[in-house]
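Encoded as structure tokens, the structure appears first; notes follow it.
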Amino acid sequence: MKQCPILSMVILLAAAAGLARTACADPPYLDLATAGLTGQLRDEDASVRQASVLALRHMGPAAKAAIPALAQVLRDQDLYVAADASQTLDKMGSDAVTFVIPLLRDCQPRVRELAAQTLGQIGPDAKTAVAALAETLRDCDSTVRQAAVAALQKIGPAANPAIPALAQLLRDEDRYVAVDAAHVLEKLGPEAIPSIVPLLRDQKPYARELAALTLRQIGSQPEVKPSH
């Protein structure tokens, strides 16, 4: 009798979650549980891989030894498994950044996009990825460029070194990417002005218009006065 796929998934999740709880309650078994779940990330069954990813998420930073393998799961052919791995890496925080950055150069656009999204989810703790994300702003795929823009926005003020590359995106052929870049430049504030001003003379009318609008938005931001 063939077992229902949904029931199988529920059983796997329950078992994996139980293993995760046991490991967290008994630290001596933590390494053993992490190693076992890490090995299951290469299982031929997507349900098993997904259950293992979710169990590692439940364990959180305590399972950081699994980070290198989890990063590779961003390349999983099952999009749900890959997305769950992204969210699990988010829980691992800054320790995951080093292992996600190389995937910004993966041959598959969807992997590059997911890598950028993962770094964005990590947020300010992913500040060491700013240079790599700035390079990704020149990716040939517009969805990847857009994901990199969003990641830089979530990283916040630490993304300032990416301002010159973001400013060039005001010329992007994909208007959605260009508008998103403008919003990030607005958030980064006056430090973006020197990189935007030259675009007021750009050959592309929409780039000139967007540059002017971005400068207006930066200029309309209320001045923050130092507290006494």
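A few remarks follow.
- Enumeration of residues in region 187-218 that are under 19 Å from residue 177 (Cβ atoms) and charged (D, E, K, R): 187, 202, 204, 208, 209
- When region 139-158 is filtered for residues that are in contact with a Leu (Cβ under 9 Å, 6 or more places away or on another chain) and surrounded by fewer than 16 Cβ atoms within 10 Å (Cβ to Cβ), the ones remaining, listed by number, are 156, 157.
- Listed here are the helices (runs of 4 or more DSSP H) enclosed by region 33-96 that have at least 2 residues being farther than 17 Å from residue 126 by Cα, modelled with pLDDT under 95 and basic (Lys, Arg): 46-59.
- Residue that is surrounded by the fewest Cβ atoms within 10 Å (Cβ to Cβ), among those in region 104-136 that are in contact with a Leu (Cβ under 6 Å, 6 or more places away or on another chain) and touching a residue at least 40 places away in the same chain (Cβ under 8 Å): 114
- Scanning region 101-145 for residues that are basic (Lys, Arg) and part of a loop (DSSP other than H, G, I, E, B) yields a count of 1.
The values are calculated or read from the model by the stated rules, or taken from the named source; none is laboratory data. The shown structure was predicted, so the numbers you read here are calculated from the model rather than taken from an experiment. Note that we place each Cβ from the backbone using ideal geometry, even for glycine, and neighbour counts take in every protein chain shown.
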